[in-house]
Amino acid sequence: MAPAPPDSRVDVLIVGAGPAGLMAATWMSRCGLKTRIVDKRNTKVFAGQADGLQCRTLEILDSFDFGHRAWREANHMLEICLWNPDENGQIRRSDRIPDTIPGISRFQQVVLHQGRIERFFLDSLKEHGGIQVERGVMPEALELEDADPHDREAYPVKVTLRHLTEEQATPATINGTAKNGTVQSGLFRSNLTPDDTEDLLNAAKGNPRAGLTEIVRAKYLIGCDGAHSWVRRQLGFVMEGEQTDYIWGVLDIIPITDFPDIRMRCAIHSADAGSVMVIPRENKLVRLYIQLTRTEKGGGQHDRSKITPDMILKSAQKIMAPYKIDYEYCDWWTAYQIGQRVGSSFSKNERIFLAGDAVHTHSPKAGQGMNISMQDTYNLGWKIANVVKGVADPAILKTYQSERRRIAQDLIAFDHRFSRLFSGRPAKDVMDEEGISMQEFKEAFEKGNMFASGIAVDYGTSLIVAKPGDAASEGDGSDVSAANSKKPQVVGKQSLSSVIKLGMRMPSFQVLSQADARPWQFQELLKSNGRWRLVVFAGDVKQATQKARVQALGEALAKPDSFLHRYTPADAPIDSVIEVLTIHCSPRREVELLDDFHEIFHPFRKEVGWDYWKVFVDDDSYHEGHGQAYKNYDVDPVRGCMVVLRPDQYVSWIGELDDMADLERFFDGFMLARR
């Protein structure tokens, strides 16, 4: 009788070690959750795949302290050149527009291949907690037991994992002959290639050299296993949407060309040969997205065997004529059929979640795939951590679907329009109704830049976003107010700032440390460590009335029965669950940190003394000028206000310094008492 497979328990099991899975694992490592992450492939990505990093994604990577690595290595995208046919049908540069809307973020869009981005995550995991990707491991059975969502000791997710041989875990790549020899393609990940999961499992079961199986019991499972998601299929969820008729090829090459804008991002529409998008990459590389063909309506999948690097290059040469383009070195290539689909559901019983390509697929030309995927698990990771650690009610997990499925639907709508404008034939004149208006294309490009940046994400009302409205009607109709249903709805006072918007990420402007005058971008202080933040805009504390209001707030926060104490374990630092950050606007030289601010704003610990890194000022820097934070945040410089930020830096609540009762009621809606 064969021995029973080993059985282990974890807080979280993550299936898939692409960017979405690694983002989830990074949250778990920073929050101290017992986590395993498995991937059926035996190696990480070394070339090709996704490459665009949008503004919001860079802000997120920076909050984990490795955004600078991507910023330093990547190619920066500053301008887009639009090329369209003139009256003679020859392509001409018709316009230039900024790639990133000026002023929306301290970062701009950059490009860097997915393998390097994954390396940054892997290095971070090694540094914080030691979570390691287990490669050549895939799930073969999944069970979900009924469990009380409030039972923190339950492990209702049961997964059987199978360890593959190295041969089985190596993808059967479809190589193509380029001028520099045989070049690996990304077709094995493309939607033009059938899923190989069942074939792998069948081969592993019948192979005596294959590794053993094991059983993992988890509190939560996150499926980040791509467009062919095995986890999604086990849950019976489907992808809703359609394939288009457009087939595109991709080449990563060092180009030899006389095209003048090869180091700019370009959208090129030819008169009748199709379209090209040019993406300048790091290390002299350039990525070309090249329209290859149209399949017939209802024609199904394109014959991928006919797609080669040479075929893709010839299509680019026709589109870019009379300019010449060739190469001696090709780094990677692939092809795909454009399709826009959204998963029917993003979670099962708030115990199993899907993220990334497992629940939304679209074209890559808007630079969204990797960004939206990572932002899915960035939204989810801290919520799971807060629940596992007993900080928050499990009801907050319902907001993952209500928030992220609506974003996916918005993305699909945007990509549906954008990909058709990009792939369509340019209109010959105003009477050409079948052609694409190039003015319409430009306007869509400009408007799309705000959406694509990730800055425009606006989460709806819920128990963790104190907006007016009906929480049950948000997103896809999920009941995201369950924990607060018997209590009066708390609504933040949006009138206190037109810039700090409920449901949107906290913008960043320069402030100075009161203790040492060092300038900081405020976002730099919002590290992704699982903490909530109460940001106190203390106003002008040199005015007696305002100083008294700030002092009264400090005394209220310091009371033993205040929410700060109630939600913090007795043996933990007072800022371990909710951190208080203060920004005042009195002249820095006229204010004394220890004398003018209550201790709660700079807590004391006998091991290290006062905390000097909690109080900041909107004032002149010796070397960086004045950040004008109060003006830029549109906050009253005398009275100030209070802002609650979620651990992912999105704005939850806004109120006056005197609105302590409302603030208490807001946190009471989802936080769990720890004392």
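Do we find a residue being part of a helix (DSSP H, G or I) and buried (at least 20 other Cβ atoms within 10 Å of the Cβ) anywhere in region 31-47? Give the steps one after another, and end with the answer.
Kept after step one, since they are part of a helix (DSSP H, G or I), are these residues of region 31-47: 31.
Add one more test, that the residue is buried (at least 20 other Cβ atoms within 10 Å of the Cβ), and what stays is 31.
Yes, there is a match, as at least one residue in region 31-47 is part of a helix (DSSP H, G or I) and buried (at least 20 other Cβ atoms within 10 Å of the Cβ).
Which one is nearest to ASN88 (Cα to Cα) among residues in region 313-334 that are polar (S, T, N, Q) and touching a residue at least 60 places away in the same chain (Cβ under 8 Å)?
Here is the first cut: in region 313-334, the ones polar (S, T, N, Q) are 315, 317, 334.
Subset that is touching a residue at least 60 places away in the same chain (Cβ under 8 Å): 315, 334.
On the way: SER315: 20, THR334: 33 Å.
That would be SER315.
Of ARG675, ARG665, which residue is modelled with pLDDT under 95 and either within 18 Å of GLN523 (Cα to Cα) or of a type outside the set (A, V, I, L, M) (or both)?
Values: ARG665 fails: modelled with pLDDT under 95.
So the residue among ARG675, ARG665 that is modelled with pLDDT under 95 and either within 18 Å of GLN523 (Cα to Cα) or of a type outside the set (A, V, I, L, M) (or both) is ARG675.
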Q. Within region 239-281, restricting attention to residues that are in a strand (DSSP E or B) and of a type in the set (Phe, Trp, Tyr), which residue is modelled with the highest pLDDT?
A. TRP248
Q. When region 293-315 is examined, which residues are found to be at pLDDT 75 or above and touching a His at 6+ places or on another chain (Cβ under 8 Å)?
A. none
**Q.** Odd one out for TRP613 among (1) closer than 27 Å to ASP393 by Cα; (2) not in a strand (DSSP E or B)
**A.** (1)
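Here is a yes/no grid of residues against (1) surrounded by fewer than 22 Cβ atoms within 10 Å (Cβ to Cβ); (2) outside the structural domain of HIS584 (by TED's automatic domain parsing); (3) closer than 13 Å to VAL465 by Cα; (4) in contact with a strand residue (DSSP E or B) (Cβ under 8 Å, 6 or more places away or on another chain):
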{"position": "ASP634", "(1), (2), (3), (4)": "yes, no, no, no"}
{"position": "TYR650", "(1), (2), (3), (4)": "yes, no, yes, yes"}
{"position": "LEU657", "(1), (2), (3), (4)": "yes, no, no, yes"}
{"position": "ALA661", "(1), (2), (3), (4)": "yes, no, no, no"}
Q) When residues of region 4-16 are filtered for being in a strand (DSSP E or B) and crowded, with 22+ Cβ neighbours inside 10 Å, how many remain? A) 4
Q: Keeping to region 514-538, report how many residues are buried (at least 19 other Cβ atoms within 10 Å of the Cβ), small (Gly, Ala, Ser) and either modelled with pLDDT under 95 or out of contact with any Leu (no Cβ under 8 Å at 6 or more places or on another chain) (or both).
A: 2
**Q.** strands (runs of 3 or more DSSP E) completely within region 510-572 that count 1 or more residues being of a type in the set (Val, Ile, Thr)
**A.** 510-513, 532-539
Q. Are any residues in region 17-30 hydrophobic (A, V, I, L, M, F, W, C) and either surrounded by fewer than 24 Cβ atoms within 10 Å (Cβ to Cβ) or closer than 16 Å to TYR220 by Cβ (or both), and if so, which ones?
A. ALA20, MET23, ALA24, ALA25, TRP27, MET28
Q: Spot the failing condition for ARG263; the list is (1) touching a residue at least 60 places away in the same chain (Cβ under 8 Å); (2) touching a strand residue (DSSP E or B) at 6+ places or on another chain (Cβ under 8 Å), and only one is missed.
A: (1)
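The values are calculated or read from the model by the stated rules, or taken from the named source; none is laboratory data. As the structure is a computational prediction, the values presented were derived from the model and not from experiment. FYI the Cβ positions are ideal-geometry reconstructions off the backbone, even for glycines, and counts take in every protein chain you see.
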